[in-house]
1. So which lysines pass the test for K128, namely a Cα distance under 17 Å, with those fewer than 8 places away in the same chain ruled out?
2. Would you mind ranking L352, L196 by Cβ crowding within 10 Å, fewest neighbours first?
3. Exceeding 28 Å between C-alpha atoms, which entries from my cross-link table qualify? They are K145/K260; K32/K260; K79/K255; K240/K324.
4. Considering the chain as a Gaussian network with a 10 Å cut-off on Cα pairs, which listed residue, A207, A225, A264, attains the greatest mean-square fluctuation?
5. Specify which labelled value, from (1) 5, 21, 27, 21, 15, 8, 3, 1, 0, 0; (2) 4, 17, 20, 21, 21, 13, 4, 1, 0; (3) 5, 19, 19, 17, 17, 14, 7, 2, 0, agrees with P(r) over Cα pairs in 10 Å bins from 0, in percent derived from the coordinates of the model shown.
6. Please enumerate, by chain and number, the aspartates and glutamates with C-alpha under 16 Å from the C-alpha of K71, excluding those fewer than 8 residues away in the same chain.
7. Just in the range 49-97: which GluC sites (Glu not before Pro) are loop by DSSP and have at most 15 other Cβ atoms within 10 Å?
8. Which of the lysines could a cross-linker span from K317 if the Cα-Cα distance has to be under 30 Å and same-chain partners fewer than 8 positions apart are dropped?
Amino acid sequence: MATEVRLPQLGQTMQEGTIVEYRVNVGDQVNKGDCIFEIETDKATMEIESPAQGYVKHLLVDVGRTLPVGKPVLILAGKDEKVSDDFLDSLKRENLDAAKTDAPQDVPVPSPASNEFTASTVPQPELKLGQTVILTQKQKITAQKMLQSKREIPCFYLTVKADVTDLVQLRAQLNQSSDVRTSYHDFIMRALAVGLRKFPVMTGRFAGNSIELADGIDIGMAITAPDGLVAPIVRNVDQKNIAQIAQDSESLIEKALNNKLTPADLEGGCITISNLGPFGIESFIPIVVPGQCSILGIGRIADTCVPNDTGDSDPQKPGIIVRKLLSLTLSVDHRITNGAYAGQFLDFTRKLLEDTSNFA
């Protein structure tokens, strides 16, 4: 008996998906669990497994088409079974009723040429001046969310500079003595997690007449993937040491760069971090992700001349010393909290980063 394979719902918020690639052709035999096509959602690109065995009789959707969850994608049947015209026409009409305009065959908008955390190269399409470029589905969703944020979330912004001279030395030591390579964002996430425990309102989500605090400390990382910006979530950061955070974040970065993130990797989170330091950016103001209270923008670590305020009156000691300062900018939803509370949270996080004993 012929079986239609429909677009599955792969996350609570998934409403539609774009057919990226078929892994089978008409006439191919497939077994239950075989990968038969890839889809792109607002969160990730995923492989779809066959729910049954059979032979591919018809591919109902062109590559590049976007369709709602539950709509038919292809038909499976027995090897010598003929699919009735009435059945085939009914499925085609179902898709036609819900059809959206096919994506133009053009070059997608390029993402920045580096991952925000590792500065590893992302392949870029070749573009020419005057060319029209088309947004990917993921880029469209990102644009919608950022527009929603700017329209609906009244933000204020706080900036501090953390003296991370000792932290730079600690990271270098750890990377020499351990197989797990740590990045600065691993220490920042750990400090944020401790701060969020102390200032729990910063985990809040605005819900009309109430503020819903998060059940756990899950932190998103803004990462530039080949087809757009994603923010996978490191779970339960407050319960992990630096090495564990580094392992989890590196795994998510690798999945993001290879378009292997799942909806579960991207759902939730009570704060996001975005790091443009590898590009030499001193500081910037990031946009709050809808559903979260805040986002932290991380700039570059800069050698800075500061007064030697150790209290040492020895005239032989320099009056000016060079320290490594890190700029941190916090964007905060003013509906959830105020400047004094968020300021205490950011100052507490800064002090944690400046005292490396917190990462022992």
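1. The reachable lysines, counting only those whose Cα sits under 17 Å from K128, number zero.
2. If I rank by nearby Cβ atoms, fewest first, I get L352, L196.
3. Over 28 Å apart, Cα to Cα: K79/K255.
4. Taking springs between Cα atoms under 10 Å, the residue moving most is A207.
5. Checked against the structure: label (1).
6. Reachable aspartates and glutamates: E4, E16, E38, E40, E49, D62, D89, E94, D97, D102.
7. Hits after loop and neighbour filter: E81.
8. K161, K351
All of the numbers you see were taken from the coordinates with simple rules; none came from a lab. Keep in mind it's a predicted model, so treat the numbers as computed, not measured. So basically every Cβ, Gly included, is an ideal-geometry build from the backbone, and we count neighbours across all protein chains shown.
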